[in-house]
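Below: the structure, in structure tokens.
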Amino acid sequence: GAVVSQHPSWVICKSGTSVKIECRSLDFQATTMFWYRQFPKQSLMLMATSNEGSKATYEQGVEKDKFLINHASLTLSTLTVTSAHPEDSSFYICSAIDDTAGGYTFGSGTRLTVV
Amino acid sequence: GNSVTQMEGPVTLSEEAFLTINCTYTATGYPSLFWYVQYPGEGLQLLLKATKADDKGSNKGFEATYRKETTSFHLEKGSVQVSDSAVYFCALKAAGYSTLTFGKGTMLLVSP
């Protein structure tokens with residue numbers, strides 16, 4: 001079945017540094033991917049929709065200069081948290097739509113801790 | 001707009017008990033409906049889905065029926081196991097949209 005690999009699964013970084021999270025579709029092409037943020041015991045908050053070859057569409061209230069999204073190929077989208085601060089600590093999850101089958105597949109998530 | 005409302009948890013059950021997690025939705029047109037499961041520290045896995053009214057999605061003993069008249073998609077399982085302990089999310093995809101709209105999630109805790 002469709003598999004999305006998200007890497008790293010966890011990362012600890014210092015305040016002020018940047019962190020890149022990769023989301024890769026392993027056995028299908030994905031023109032569209034999504035990035036979510038999940039706070040403890042809460043639902044998923046859609047941050048942005050990432051489209052291959054074009055600029056991401058950010059949800060209201062999400063800082064596009066802080067959360068940089070790049071979707072340079074049909075199998076890879078990256079989320080870079082720039083100048084990270086402790087309040088950026090969260091669980092980030094990506095999702096991809098299979099261009100052929102149409103299903104949504106989620107990555108296993110990345111636990112970001114900023115110290 | 002589109003929205004999903006599901007019962008708050010946690011739902012605490014003993015093994016082999018019957019499970020129901022309620023989910024109702026508001027959407028324009030005829031959405032597709034989904035249940036996802038999230039185990040601790042992991043992403044979401046699709047549990048089941050239904051794309052039109054009266055469809056029943058089923059998987060691993062779980063089932064849910066798309067009820068248009070009551071705008072509901074309640075999740076049920078006849079006999080839960082400890083391994084079913086997780087957070088369950090109801091979601092919809094409205095016609096013409098590519099994004100999923102999620103409910104807040106319901107934590108299920110099953111004790112031996």
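The values are calculated or read from the model by the stated rules, or taken from the named source; none is laboratory data. The shown structure was predicted, so the numbers you read here are calculated from the model rather than taken from an experiment. A quick note on method: Cβ atoms are made from the backbone with ideal geometry, for glycine too, and the neighbour counts reach across all protein chains shown.
Exactly one condition in (1) closer than 30 Å to A:His7 by Cα; (2) more than 14 Å from chain A (Cβ to nearest Cβ) is false for B:Leu33; which is it?
(2)
With the requirement that a residue be farther than 14 Å from A:Thr80 by Cβ, surrounded by 11 or more Cβ atoms within 10 Å (Cβ to Cβ) and not polar (S, T, N, Q), what does region A:1-25 give you?
A:Ala2, A:Val3, A:Val4, A:Trp10, A:Ile12, A:Arg24
Can you say whether A:Tyr36 is on the phi < 0 side of the Ramachandran plot, modelled with pLDDT of 95 or more, out of contact with any Lys or Arg (no Cβ under 9 Å at 6 or more places or on another chain) and surrounded by 14 or more Cβ atoms within 10 Å (Cβ to Cβ), as far as the supplied structure shows? Break it down stepwise before answering.
Values: on the phi < 0 side of the Ramachandran plot: yes; modelled with pLDDT of 95 or more: yes; out of contact with any Lys or Arg (no Cβ under 9 Å at 6 or more places or on another chain): yes; surrounded by 14 or more Cβ atoms within 10 Å (Cβ to Cβ): yes.
Yes, satisfied.
Among the residues of region A:75-88, is any within 10 Å of chain B (Cβ to nearest Cβ), of a type outside the set (D, E, K, R) and either surrounded by fewer than 21 Cβ atoms within 10 Å (Cβ to Cβ) or outside any strand (DSSP E or B) (or both)?
No; the residues of region A:75-88 include none that is within 10 Å of chain B (Cβ to nearest Cβ), of a type outside the set (D, E, K, R) and either surrounded by fewer than 21 Cβ atoms within 10 Å (Cβ to Cβ) or outside any strand (DSSP E or B) (or both).
Quick check on my filter: what residues within region A:39-52 are closer than 15 Å to A:Phe106 by Cβ, surrounded by fewer than 23 Cβ atoms within 10 Å (Cβ to Cβ) and either among the polar types (S, T, N, Q) or more than 12 Å from every other protein chain (Cβ to nearest Cβ) (or both)?
Once the filter is applied, which keeps residues that are closer than 15 Å to A:Phe106 by Cβ, surrounded by fewer than 23 Cβ atoms within 10 Å (Cβ to Cβ) and either among the polar types (S, T, N, Q) or more than 12 Å from every other protein chain (Cβ to nearest Cβ) (or both), region A:39-52 yields A:Ser43, A:Thr49.
Say whether the condition of being small (Gly, Ala, Ser), exposed (fewer than 14 other Cβ atoms within 10 Å of the Cβ), touching a residue at least 40 places away in the same chain (Cβ under 8 Å) and more than 9 Å from every other protein chain (Cβ to nearest Cβ) is met by at least one residue in region B:70-81.
Yes, some residue in region B:70-81 is small (Gly, Ala, Ser), exposed (fewer than 14 other Cβ atoms within 10 Å of the Cβ), touching a residue at least 40 places away in the same chain (Cβ under 8 Å) and more than 9 Å from every other protein chain (Cβ to nearest Cβ).
Of the residues in region A:1-43, how many are of a type in the set (Lys, Arg) and part of a loop (DSSP other than H, G, I, E, B)?
2
Does A:Thr57 qualify as being facing chain B (nearest Cβ under 10 Å), of a type outside the set (A, V, I, L, M) and crowded, with 19+ Cβ neighbours inside 10 Å?
In short, no.
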